[in-house]
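**Student:** One structure is given below, represented as structure tokens, and several questions about it will come after.
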Amino acid sequence: MKQSRTYPIATITKKATRALKDGFSWVYADEVIKIETRDKAARTVENASLVDVCEENGTYRGTAFLSQNSTIRLRMVSTNANDRFDEAFWKRRIMWAWQHRVSCMKEKSLPHTDDTHCCRVIFSEADGIPGLIVDRYESVLVCQITTVGVERIKDLLYRLVVEVLHEAGEDIRALYERCDSPVRTKEGLTLYKGWYTKLSPALSVPTSSQLIMHENGIAFSVDVENSQKTGFFLDQKYNRRAIRSICAGKRVLDCFSHVGPFALNAAVAGAKTVRAVDISELALKLAQENARLNHVEHIVHCSCADVLDYLRKLEQDKNYAHAEGGPFDVIILDPPAFTKSRSTISSAMRGYKEINYHAMKLLPRGGYLATCSCSHFMSTKLLQDVLRSAAQQAQVTLKQIEARQQACDHPIIWGMPETHYLDFFIFQII
């Protein structure tokens, strides 16, 4: 190490060392042997501090944020002993993140659109800033912080994100904080949300939390204060575009529709009819508003129902299926994460199997099924096993058309399976 070290030292187990060598960026509480200061006058290490992470023999493995209240005790920030964690360091990280979005998304943009105008700008560990999410909706940034280390330096990070985007010529006018995720309580953090006001006059405070954003050339009404997550699910951007090729002239059923992004992509692609189904009346109200925004309200129709019950009823009652717009040629399944822990994987597998089985039973030979899972605990292999089992039970064969993942603004870090959480398949039923 070329520079003298002043950070406290966290000594970790051999198990944690092996994980870090493989690219994992977390160290759990039971993998920390001890944390000690270098300064003999300081008896304790402050929560949210940066600490050097070392093997038992003293070998440096990196520098991490310390979270004393979390099971994830250390979150790696760098493995370079020469890094200085000053303003220049964080600005460099943000610039790299933005340059990646520009490189991977601008060329994918449809004519007269720019995919970087609505995208994830910062994706936590995948962009080297653990616990920071920044989503862009046109001229508004929505930020979510889930770690105590980032919470401590958020004013600096917010300023640098806006600075980097402004320097790149991007029109950013406001920043909304959605720091209301329950995961913050595991870090000992309070929950809050609201417009960020400390960057005036560079940023303003809009009078409404509702805005119009565009994705794949489609307009969406987004409420950054009250909608799920940061306001919209940006990770399915290119998967939504991918289903356009199979929807022209078809009768489409969009299950777990939320505010209608898959339904609207099907409609603008020339679908004959689209039925959007969700259990949330509020989400469907926004879906209908979005259909009107894009002049496809005569194509997109909504039904408020539990999706599994709805699929069963379609299968059992042909008259009901006809009244809902069936028989359907294309079924899209975009369920919420059925599991958020390893302990519930078996239950989740049963849930994924059941909805896919009923969808396969409803589709005619030659029909199309688009289906996905958005939980990293549901690995690609487990999802494939579920789909294979559902197809066997439904007595159909799946012809794979596409196998996809989350959009490239949600990058996957090898060695960090938590960053790979979305798998998306398009099949033809034969």
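**Student:** Any idea which of Ile299, Ile345 is closer than 21 Å to Leu264 by Cβ, of a type in the set (A, V, I, L, M, F, W, C) and touching a Ser or Thr at 6+ places or on another chain (Cβ under 8 Å)?
**Tutor:** Ile299
**Student:** I need a count of the residues in the range 167-202 that are over 25 Å from Ser70 (Cβ atoms) and in a loop (DSSP other than H, G, I, E, B).
**Tutor:** So the answer is 12.
**Student:** Sticking with this one: Which members of the range 268-314 meet the condition of being under 24 Å from the mean Cα position of the chain (by Cα) and buried (at least 19 other Cβ atoms within 10 Å of the Cβ)?
**Tutor:** Ala276, Val277, Asp278, Ala283, Leu284, Leu286, Ala287, Asn290, Ala291, Val307 - these are the residues of the range 268-314 that are under 24 Å from the mean Cα position of the chain (by Cα) and buried (at least 19 other Cβ atoms within 10 Å of the Cβ).
**Student:** If you don't mind, there's one more thing I want to ask. Among the strands (runs of 3 or more DSSP E) confined wholly to the range 21-94, which include 3 or more residues that are open to solvent by less than 30 Å² (accessible area, probe 1.4 Å) and in contact with a strand residue (DSSP E or B) (Cβ under 6 Å, 6 or more places away or on another chain)?
**Tutor:** Where strands (runs of 3 or more DSSP E) fall fully within the range 21-94 and carry at least 3 residues being open to solvent by less than 30 Å² (accessible area, probe 1.4 Å) and in contact with a strand residue (DSSP E or B) (Cβ under 6 Å, 6 or more places away or on another chain), they are 50-54, 60-66, 72-78.
**Student:** Still on this model: Read through the list (1) closer than 26 Å to Asp317 by Cβ; (2) of a type outside the set (Ser, Thr, Tyr); (3) in contact (Cβ under 8 Å) with a residue 12 or more places away in the chain, then give the number of the only condition that Gln395 fails.
**Tutor:** Answer for Gln395: the failing condition is (3).
**Student:** Turning to a different aspect of this structure: Report, by residue number, each residue of the range 95-114 that is farther than 27 Å from Val183 by Cβ and in contact with a strand residue (DSSP E or B) (Cβ under 8 Å, 6 or more places away or on another chain).
**Tutor:** Within the range 95-114, Met105, Thr113 qualify.
**Student:** Determine whether Asp334 is out of contact with any helix residue (DSSP H, G or I) (no Cβ under 7 Å at 6 or more places or on another chain), at pLDDT 95 or above and under 30 Å from Ser379 (Cα atoms).
**Tutor:** no
**Student:** Considering the range 170-220 alone, what residues qualify as being among the aliphatic types (A, V, I, L, M) and without any contact (Cβ under 8 Å) to a residue 40 or more places away in the chain?
**Tutor:** The answer is Ile172, Ala174, Leu175, Val183, Leu191, Val205.
**Student:** Next question, about the same structure. Looking at the range 315-417, what helices (runs of 4 or more DSSP H) fall wholly within it and have at least 2 residues that are under 23 Å from Tyr238 (Cβ atoms) and under 21 Å from the mean Cα position of the chain (by Cα)?
**Tutor:** 380-394
**Student:** Determine whether the range 386-393 contains at least one residue that is of a type in the set (Val, Ile, Thr) and open to solvent by 50 Å² or more (accessible area, probe 1.4 Å).
**Tutor:** No, every residue in the range 386-393 fails to be of a type in the set (Val, Ile, Thr) and open to solvent by 50 Å² or more (accessible area, probe 1.4 Å).
**Student:** Among the residues of the range 217-237, which ones are among the polar types (S, T, N, Q) and surrounded by fewer than 21 Cβ atoms within 10 Å (Cβ to Cβ)?
**Tutor:** Ser221, Asn226, Gln228
**Student:** If we keep just the residues of the range 338-383 that are of a type in the set (Gly, Ala, Ser) and touching a residue at least 60 places away in the same chain (Cβ under 8 Å), which is farthest from Pro261 (Cα to Cα)?
**Tutor:** Ranking the qualifying residues of the range 338-383, first place goes to Gly366.
The values are calculated or read from the model by the stated rules, or taken from the named source; none is laboratory data. Please read these numbers as outputs of a predicted model, since none were measured by experiment. Quick reminder, even Gly has a Cβ in these numbers, built from the backbone with ideal geometry, and neighbours come from all protein chains shown. Ligands, DNA and RNA are stripped out before the accessible areas are found, and what is left, the full protein with its side chains, is counted by its heavy atoms. Shrake-Rupley method; radii C 1.70, N 1.55, O 1.52, S 1.80 Å.
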